[in-house]
Every structure is written in C-alpha cells, then in structure tokens.
Amino acid sequence: MIYTILLYSWIGLAILLFPILLRITAPYGRHTKSTWGPLVSNRWGWVIMELPALLIFPILFFVGDGPKTYVTWLFLGLWLLHYTNRTLVFPLRTRTKGKKMPLTIVLMAICFNGMNGYLNGYYMGFMADYGESYLADPRMMIGFAIFAVGLLINWQSDAILLNLRKPGETGYKIPKKGLFRYISCPNHLGEIIEWAGFAVMTWSLPTLSFALWTAVNLIPRALDHHRWYRKKFPDYPKERKAIIPFLW
Ligand code: NDP
C-alpha cells in the first residue's frame, strides 16, 4: 500500500516538475554555479550520487521473496551494466580535474537515485513474476532492442564527449562525430531511449516511472546545453537540433 502511494506520487511529482525544470538550468557541469551553496569534487560527486541506484536495486532483488527466473536475472544484469558504468566507470573517465559541483545537486540526486532504486528494486525483488516463456514475448524482444540501441547511443556519445579533451584540459569544444552531427545531446537522447526500452521490456509502472523521470531530467538539460552551445560558439552548426534529429 505504502509502495503504491509512493509510486503514484513519484509519477505525479515528475509530471509537476517538468514545466519547472524547463525554466531552471540544473547547475552542474558547464552550468555549475556557486550560488547553489557549497561545492564538492565533480568526480566524487558523481560516484556518491549514483551509488544508491547501484546498491539498492540489487539488495532488494536478493532480499525479495519474489520468483527469480532467467528473465528477472536479465533485468538485474542490465541495471547493473548501466549503473556500474555510470557510478564507477564514467566518473573515472571524465576529464574534469579540479572541477566542482554543488553539494545540493549531489543530495538531490541521492534522493532521486534512492527512490528510483527502491521503487524498481522492490518491484523486481518482491513483486515481479515473469515466467521463462516471457523471454519470447514481443514486449521483451522489442524492449530489449530499444534498450540496446539506447545504451549504445549513450555510451558512444559519452565516449565522444570524454575524448574531446586532452589530458589536463577542462574547456569545451564542438563535438562533431556520431549523432552529434544531428543533435547537441545524443548522450541524453540515448539514455531516454534506453530506459524507455527497459519500460517496454519489463512492462511495469515502476520502470515506466523511471523512463518518465529520465525524460523529465534530460530534455530540459539538453535544451539548456543546446542554447549554451549556440551562445558560446558563433560557428556552431545551425542545422543541429537539441535532442531529436531534424525536429527539436
Ligand atoms: P554532459 O554532456 O553535460 O557531460 C558529459 C561529460 O562530457 C562531462 O565530463 C563534461 O565535462 C564533458 N563534456 C560535455 N560536453 C563537452 C564539450 N563540448 N567539450 C568537452 N567536454 C565536454 O552530460 P551530463 O553531465 O548531463 O550527463 C552525464 C551522463 O549521465 C549522460 O550520459 C546522461 O545521459 C546521464 N544522466 C542521466 C540522468 C537520468 O536521469 N537518467 C540524469 C543526468 C545525467 P564537464 O562536466 O566539465 O561539463
């Protein structure tokens, strides 16, 4: 009962927040502002703020008394694949030596990842009931394909960005490879596609809530990045869109 109330409130909060986030620029990375309070190391901030999602989901999965099948193990594996990269690999690859982010952002992200890890981990550990035959279900196959495409776009685009700087550099350049030819933020688009695929694959409300939150977090950020690129670089490609090729 408490779980259901939390889940619906969480979805409601995402819908309420979207128009607000469209007006606020999240102050981390290129948009970091000291007016948001004390600053902490960018790299360690990433590790700490993503850790709840990496830990809480598997803990609840293992503690939960729901049936464990190849299907639920696969879902756990995909979650760990994404969050091991995001929590431990991505921050170590960033070339952001000496850069900071507001502690407020870290605390807000801990709350987000804690709640998201809880809602999805509790569902997968205690409530989910996928028989082995679900592996051949069209939702599983189509969702998996969407997830895989999203993950590859996200990883490729993150890699392109991280390789723009030579060791020791901290400035910004115009990315020109991969999907950056069409949009300013394919890393964000990839992540949105990824969790939309996960929601299709798992066909559940908690995973849908995560897909929704990802879009609510990342569409405003992509629009902010796009405006920032256009302002910063007079030679920024005019035809490039923010997050959806040829459209937006
Ligand atoms: P950004 O695109 O802002 O930055 C990614 C990394 O690349 C940072 O290290 C950044 O450095 C560097 N970088 C970015 N652009 C340039 C450039 N033009 N020249 C040189 N270096 C550059 O990504 P985010 O920080 O927004 O997100 C990182 C990852 O986390 C993404 O894959 C995103 O999808 C994911 N994410 C997921 C969320 C979710 O709700 N699921 C929420 C937020 C992020 P610097 O830090 O110095 O700017």
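PRE reach from ASP129 (point 7 Å along Cα→Cβ): which of segment 204-243 fall under 17 Å by backbone N? Inside the label zone: 204-206. Candidate cross-link partners of LYS231 among the lysines, defined by an alpha-carbon separation under 23 Å and a same-chain spacing of 8 or more, comprise LYS33, LYS99, LYS100, LYS173, LYS176, LYS177, LYS241. Relative to the longest principal Cα axis of the chain, at what angle does helix 103-122 sit, 0 to 90 degrees, rounded to 10? Result, in degrees: 20. The largest accessible area among TYR8, TYR122, TYR3 belongs to the first residue in TYR8, TYR122, TYR3, and the rest follow in falling order (1.4 Å probe, all chains).
Starting from the Kirkwood Rh over alpha-carbon pairs, what translational D in µm² s⁻¹ does segment 1-95 have by Stokes-Einstein at 37 °C and 0.692 mPa s? Working shown, then result.
On the way: Rh = 16.4 Å.
Diffusion coefficient, whole number: 201 µm²/s.
Extending 7 Å from Cα along the Cβ direction at LEU92 and again at TRP44 yields two label points whose distance is 1.7 nm. Counting Cα-Cα pairs of segment 178-228 in 10 Å increments starting at 0 gives whole-percent bin shares of 27, 45, 23, 5. For ILE5 and LYS232, FRET efficiency with R0 = 41 Å and r from the beta-carbon atoms, rounded to 0.05? The value I calculate is 0.40. Taking a ≥ b ≥ c as the square roots of the Cα gyration tensor eigenvalues, with a/c under 1.5 meaning rounded and otherwise prolate when a/b beats b/c, else oblate, which class fits segment 123-248? Judged from the Cα gyration tensor, segment 123-248 comes out prolate (a/c at least 1.5, a/b above b/c). A 1.4 Å probe over all protein chains sorts TRP203, TRP213, TRP73 by accessible area into TRP203, TRP73, TRP213, starting with the largest. Only helical runs count toward this figure. For the chain, summing -39,500 (n - 2.57) over DSSP H runs of n ≥ 4 and dividing by all residues gives -21000 deg cm²/dmol at 222 nm. With a Förster radius of 22 Å applied to the C-beta separation of LYS100 and TYR172, the computed FRET efficiency comes to 0.85. A crude spin-label estimate for the pair ILE24 and THR84, with each label 7 Å from Cα along the Cβ direction, gives 3.5 nm. Between LEU54, LEU74, LEU21, the Gaussian network model of the chain with springs among Cα atoms under 10 angstrom shows the greatest mean-square fluctuation at LEU74.
For the chain, report the convex hull volume of the alpha-carbon atoms normalised per residue, in Å³, without decimals. List each step's numbers first, then the result.
Working: hull volume 31.5 nm³, N = 248.
Residue-normalised Cα hull volume stands at 127 Å³.
Measure nothing fancy, just the Cα-based angle from helix 138-162's long axis to the longest principal axis of the chain, in degrees from 0 to 90, nearest 10. Approximately 30 degrees, to the nearest 10. Applying 1/(1 + (r/R0)^6) with R0 = 41 Å to the Cβ-Cβ distance of CYS111 and ILE142 gives a FRET efficiency near 0.80. For the chain, excluding the exposed loop sites themselves (GluC sites (Glu not before Pro), DSSP loop, at most 15 other Cβ atoms within 10 Å), the longest remaining stretch covers 1-168. Label separation (LEU17 vs TRP203): 2.9 nm, computed from points 7 Å beyond Cα along the C-beta direction.
Could you state the accessible area per residue of segment 1-139 in Å², with a 1.4 Å probe and every protein chain left in place? Show your work: numbers first, answer last.
Values: 7240 Å² over 139 residues.
Using a 1.4 Å probe on heavy atoms only, each residue of segment 1-139 averages 52 Å².
When the inverse distances between all different Cα atoms of segment 60-129 are averaged and flipped, the Kirkwood radius reads 13.9 angstrom.
The values are calculated or read from the model by the stated rules, or taken from the named source; none is laboratory data. Remember, it's a predicted structure, so these values are computed and weren't measured experimentally. FYI the Cβ positions are ideal-geometry reconstructions off the backbone, even for glycines, and counts take in every protein chain you see. Areas reflect the complete protein model, heavy atoms only, side chains present, ligands, DNA and RNA absent. Shrake-Rupley method; radii C 1.70, N 1.55, O 1.52, S 1.80 Å.
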